[in-house]
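The structure appears below as structure tokens.
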There are 4 protein chains.
Amino acid sequence: MSDDLRKEVCDLHAQLIRWGLVTWTAGNVSARVPGEDLLVIKPSGVMYDELTPDHMVICDLDGKLVEGDHAPSSDTEAHAYVYRHMPHVGGVVHTHSPYATAWAARGEPIPCSLTAMADEFGGDIPVGPFALIGSDAIGRGIVETLTGHRSPAVLMRQHGPFTIGTTAKAAVKAAVMCEDVARTMHFARQLGSVERLPAAAVDSLHDRYQNVYGQHNSGKKGAR
Amino acid sequence: MSDDLRKEVCDLHAQLIRWGLVTWTAGNVSARVPGEDLLVIKPSGVMYDELTPDHMVICDLDGKLVEGDHAPSSDTEAHAYVYRHMPHVGGVVHTHSPYATAWAARGEPIPCSLTAMADEFGGDIPVGPFALIGSDAIGRGIVETLTGHRSPAVLMRQHGPFTIGTTAKAAVKAAVMCEDVARTMHFARQLGSVERLPAAAVDSLHDRYQNVYGQHNSGKKGAR
Amino acid sequence: MSDDLRKEVCDLHAQLIRWGLVTWTAGNVSARVPGEDLLVIKPSGVMYDELTPDHMVICDLDGKLVEGDHAPSSDTEAHAYVYRHMPHVGGVVHTHSPYATAWAARGEPIPCSLTAMADEFGGDIPVGPFALIGSDAIGRGIVETLTGHRSPAVLMRQHGPFTIGTTAKAAVKAAVMCEDVARTMHFARQLGSVERLPAAAVDSLHDRYQNVYGQHNSGKKGAR
Amino acid sequence: MSDDLRKEVCDLHAQLIRWGLVTWTAGNVSARVPGEDLLVIKPSGVMYDELTPDHMVICDLDGKLVEGDHAPSSDTEAHAYVYRHMPHVGGVVHTHSPYATAWAARGEPIPCSLTAMADEFGGDIPVGPFALIGSDAIGRGIVETLTGHRSPAVLMRQHGPFTIGTTAKAAVKAAVMCEDVARTMHFARQLGSVERLPAAAVDSLHDRYQNVYGQHNSGKKGAR
């Protein structure tokens, strides 16, 4: 089963490339190993074209290497912190996608002004604190910002977006949509001002998208 | 024949990807089944790479599923409303293409300032009302905005463009050209102001493009 | 030999796609048939993916179809006018490439502020008049603007760029570089002002690029 | 061994295309031949799709052709000057990548406001002087600007970026990251102002990235 998960996490990195979220080696996807205090993550500094499932490494939830021939992503501590403190999270993604990172550079939340934002994020995409790598600061900033927030994305100040999901694929989707709406709102704001959607409209759209959109073969609410 | 149409509608989704109009699963093409009160449309929330003709679903013109193994696009009601009220329409497309959606976010029509806009749209690309999914509101907004208008595209406020055509391919072309001119006009306006073309020039260009441009097999009318 | 030229002109359209200069069917390349009062050009309204050498049509220098099964590009008259009046021109390209067309929409020449512009264009890229299709007006505007000008590109007002070259490939190169510098200058101007290069530097760069750059196997000056 | 280096330098040009740094033929990679006063570089004016290892030429450190069937890149003198004066440099890259060149056009350094900039550049990306091709001026400008600076990239005024590295691949990486951060900072500044990171944070991030990031096979030093 961890073989399947290595392959899934490996393959999801191709989506980061495909949607233009990452440059060179700067971005990573992880997944929680179901039922264990472990995560699967990309190795550090390996180019996306060269990634294979065998490159993926397994770490414990303190970010320490448990299995694998490569050093884990330098962002592993942040991913691990999220899994430790947000038990419903099954996947984490980090990128420096350019439009989202531009909002992060200014420390400006992306206002919820588009139906697509209400659908996926249920409100503004919030800004997290500036935090240096090498301690719990990034993970703590992510968790504190996203706790009690509908948005699966946080813009870490002067750094870039982190996204979460119940699965790694859901977190990748959130990263893709975060860049998409960051770009559209950037364009919109370049030539004028844009109002936020009314709160009732946001609630209605978010509820519908989370519970009705997509294929629900097994009657599960919110299955995506 | 509905098999051919499923394949055609399926294949046209690749054009949405190719021209950068859609992200993840957010955009859809439909076609009217000729001579019947039915439409063919994309299923909800299925990724474009995984789409096959068998995924396409057939709905009646109230948007209810008639044939197919998947839930129809969540925008089916809007498509169906258009087919019910605009009998000349054979195809409908919806995207959140970024430049067009940026104009939609500001609620600003795209002024007809380029010969390419006069050709395809015959004037400004108009803005439709803000409308929530889940009722006739979106379809009604599209129909009311486009009725009596030359433009096959409408920018639904804070949502995104819908386009129509006599065929699904024509509606896809309108979506592609809508994003193209939305982008060029965005760039033009970023560094200054742009005048609209004179009405007589718009009329002349639109008439010529609609009636002379392209291949006219019957007797090479307009063979230039 | 006209078979070779059909293939060459057909293949050059792939460069328009590759460098992002064209959308759907809006852009065309032509070549003069050496030693004859004829040109080879793209047919009207055919999608780039479907273009084969057999689609290419041959017209006389009044733009009338001489050979081929398809209606020629609706821009053929403009191409033909250029060949009639500029005997050194062997290739013509027209696109609506977005950044160049944005400068054309404002009617603003692109100032020669980059070494790459001095190399290829030898000065500003000039603006030509607004002109309607269907007469000599576009061709005349191109010829009048480019006569006595180093630039192989003209921005036809509220329309888009036309470029010329001694060969079709040179005209395609000029179209590609025109969009490239239009984009860079757009970005540069968005955040401040940019000075033109001194005239002596422009002269020196242009002379060197036209006469020294590239491979000169046969000792020909300016061979590219 | 020089065969391996020709292949390596040839292949690295594909990364310039892949990350959108170059248009047509305008950009080049070189590598120092280890232990010899020679460099391997792209030939002048050859299109990237046609490049093979056999096209690569070998020059001495005055930029004179030593081996190869093609004229060397017109930027060879600048590369050669860098190798003569910076003995630790093993690779040099030059592009006109659009966002970096836009900063260069304004003569404006890119402020170090993102963690990704601190990682790779250790501070602002500086601007070098305007210099004409055909003398030592460009090479001297690069060396004078980068000497004593952490940044492996310099924005040559009204021209474009040059980057250096201990290997050609490292210089290519610097060129790719230079464009990446030039773009993100462009977006960030379009809608507001951005503060530089505190100097201590820049120092900490740069030290960590240069010494810990990536795979360190010898004893997994820094295996995180």
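The values are calculated or read from the model by the stated rules, or taken from the named source; none is laboratory data. This is a predicted model, so every value here is computed, not measured. For neighbour counting, all protein chains shown are included, and Cβ atoms are generated from backbone atoms with ideal geometry for every residue, glycine included.
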Could you please find all residues in segment C:84-103 being within 19 Å of residue C:13 (Cα to Cα), more than 13 Å from chain B (Cβ to nearest Cβ) and part of a helix (DSSP H, G or I)? none
Taking segment A:192-208, which residues are surrounded by 16 or more Cβ atoms within 10 Å (Cβ to Cβ), within 8 Å of chain B (Cβ to nearest Cβ) and not β-branched (Val, Ile, Thr)? A:197, A:201, A:204, A:205, A:208
Taking segment D:178-191 as the region of interest, how many residues are without any contact (Cβ under 8 Å) to a residue 60 or more places away in the chain and at the interface with chain A (Cβ under 7 Å from one of its Cβ atoms)? 3
Quick check on residue B:133: is it out of contact with any Pro (no Cβ under 6 Å at 6 or more places or on another chain), closer than 29 Å to residue A:112 by Cβ and touching a residue at least 60 places away in the same chain (Cβ under 8 Å)? no
Test of understanding: among A:115, A:95, which residue is touching a His at 6+ places or on another chain (Cβ under 9 Å) and modelled with pLDDT of 95 or more? A:115
Condition met for residue A:206 (in contact (Cβ under 8 Å) with a residue 24 or more places away in the chain and either closer than 27 Å to residue D:192 by Cα or charged (D, E, K, R) (or both)): no
Which of the residues belonging to segment C:40-53 are within 14 Å of chain B (Cβ to nearest Cβ), at negative phi and either touching a strand residue (DSSP E or B) at 6+ places or on another chain (Cβ under 9 Å) or not β-branched (Val, Ile, Thr) (or both)? C:41, C:42, C:43, C:44, C:47, C:48, C:49, C:50, C:51
Residue by residue through segment A:125-139, note down the ones that are under 15 Å from the mean Cα position of the chain (by Cα) and surrounded by fewer than 19 Cβ atoms within 10 Å (Cβ to Cβ). A:126
Of the conditions (1) closer than 19 Å to residue A:175 by Cα; (2) more than 8 Å from every other protein chain (Cβ to nearest Cβ), residue A:69 fails just one. Which one is it? (1)
Going by the conditions given, is residue C:140 more than 10 Å from chain B (Cβ to nearest Cβ), in contact with a His (Cβ under 7 Å, 6 or more places away or on another chain) and basic (Lys, Arg)? no
Given the criteria farther than 21 Å from residue B:47 by Cα and buried (at least 22 other Cβ atoms within 10 Å of the Cβ), does residue A:171 qualify? no
Reported set for segment C:1-39 where residues are more than 14 Å from chain B (Cβ to nearest Cβ), β-branched (Val, Ile, Thr) and under 15 Å from the mean Cα position of the chain (by Cα) is C:9, C:29
Mind checking which pairs have a first residue in segment A:145-158 that is away from every other protein chain (no Cβ under 14 Å) and a second that is assigned to a loop (DSSP other than H, G, I, E, B) and buried (at least 22 other Cβ atoms within 10 Å of the Cβ), Cβ under 8 Å, 6 or more apart or different chains? A:146/A:152
Among the listed residues D:220, D:169, D:173, which satisfies the condition of being modelled with pLDDT of 95 or more and out of contact with any helix residue (DSSP H, G or I) (no Cβ under 7 Å at 6 or more places or on another chain)? D:173
Counting only residues that are buried (at least 24 other Cβ atoms within 10 Å of the Cβ), within 13 Å of chain D (Cβ to nearest Cβ) and under 28 Å from residue A:201 (Cβ atoms), segment A:104-124 contains a total of 2
Out of C:82, C:57, which single residue is touching a strand residue (DSSP E or B) at 6+ places or on another chain (Cβ under 6 Å) and closer than 30 Å to residue B:169 by Cβ? C:57
Working carefully through the options C:101, C:115, find the one that is touching a residue at least 24 places away in the same chain (Cβ under 8 Å), under 25 Å from residue B:115 (Cα atoms) and hydroxyl-bearing (Ser, Thr, Tyr). C:101
Counting just the residues of segment C:76-96 that are closer than 27 Å to residue C:207 by Cα and among the small types (Gly, Ala, Ser), which one comes out surrounded by the most Cβ atoms within 10 Å (Cβ to Cβ)? C:91
